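No value in this document is a laboratory result; all are computed from the given coordinates. Keep in mind it's a predicted model, so treat the numbers as computed, not measured. Cβ: placed from backbone, ideal geometry, glycine included. Neighbour counts: every protein chain shown.
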């Protein structure tokens, strides 16, 4: 009966994952490998293609007749380039803020989460959301680039590296992490449980009532362990390897917050989305 | 803490899916 409960929990979290997250790993991998019936994503590999594609950033569906619209930009001026970079950064922020809402909805669906102290719910989310967002990006990435805009656009890693500093340094650590993380070959059912484990971390600073959080996490951990054994019978020590990723994640998040602080100081026109601001304030 | 995280707090309290 206990194993049945753990399987039911895994099923419940997977259903909530499908309900709340618009781009699953299964869909992302199909797009990246060209095995989808939809059109291939629009590729952004330089400033010109970013200008062509930017009107579709954060659109769930690109109107296909515009896909190869010719844009008369022979050379992009550097001040225009700065503007385009900032605009792109702002659309990344809007999508991130939307994704924070999605993670929050997912967290609320974890059995017992809404019964925790409200301050602790805020703390758990504050510390978990960027970690979860970084894990969510991994399936969208390969060594050459990343899907954005719900899989409508593929942006190359080289292009992201070519942006001006510190934008250029921002994504590289995420690519390095993702390429290694993807080698674990987790699927969407595994990811749903892993997200819940991350959210229910009882060691976040400032938690008021740790015991009920640890109890909830322990149950999800059992479910994850059982699920990984059944789903990946040939993958040795997968449970331990997945949990080890949580340590790497904390470093990436702390570096990310540092990048954003640098940006705030160096960019006069930078305004950070209020939700992201609230999350990053006094985070690390 | 909820005072310093008004949007997050609101998202948590919303009964319908959040619109950001």
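Note on residue A:58/residue A:12: beta-carbon distance plugged into 1/(1 + (r/R0)^6) with R0 of 41 Å gives a FRET efficiency of 0.90. Highest mean packing first, where packing is the average number of other Cβ atoms within 10 Å per residue, the peptides A:126-136, A:198-208 line up as A:126-136, A:198-208. Assign one of three labels to the stretch A:175-284, namely rounded, prolate or oblate, based on the Cα gyration tensor with a ≥ b ≥ c the square roots of its eigenvalues; rounded applies when a/c is under 1.5, prolate when it is not and a/b is larger than b/c, and oblate otherwise. In terms of gyration-tensor shape, oblate.
Counting only other chains, what is the mean number of Cβ atoms within 10 angstrom of the Cβ of each residue in peptide A:121-127? Please report the intermediate quantities before stating the final value.
On the way: counts 6, 9, 3, 0, 5, 4, 0.
Partner-chain Cβ atoms within 10 Å, mean over residues of A:121-127: 4.
At full extension, residue A:176 and residue A:94 could sit 27.1 nm farther apart than now, given 0.36 nm per residue minus the alpha carbon distance. Over chain A, the pair-distance histogram of Cα-Cα distances with 5 Å bins from zero comes to 1, 5, 12, 15, 18, 16, 13, 9, 6, 3, 2, 0, 0, 0 percent, rounded to whole numbers.
With Kirkwood's inverse mean 1/r over C-alpha pairs for Rh, give me the Rg to Rh ratio of the stretch A:150-198, two decimals please.
1.08
Once fully extended, how much extra length lies between residue A:230 and residue A:80, figured as 0.36 nm per residue of separation less the alpha-carbon to alpha-carbon distance? Going from the current span to full extension adds 48.7 nm.
For a paramagnetic label modelled on residue B:1 (point 7 Å from Cα along Cα→Cβ), amide N atoms under 19 Å away belong, within the stretch A:250-280, to A:250, A:254, A:275-280. Inter-chain neighbour count for B:2-10: the average number of beta-carbon atoms from partner chains within 10 Å of each residue's beta-carbon is 6. Shielding value for A:98-108 is 4, the average number of Cβ atoms from other chains within 10 Å of each residue's Cβ.
For the listed peptides A:228-237, A:186-195, A:79-88, A:171-180, a ranking on the average number of other beta carbons within 10 Å per residue, highest first, reads A:186-195, A:171-180, A:79-88, A:228-237.
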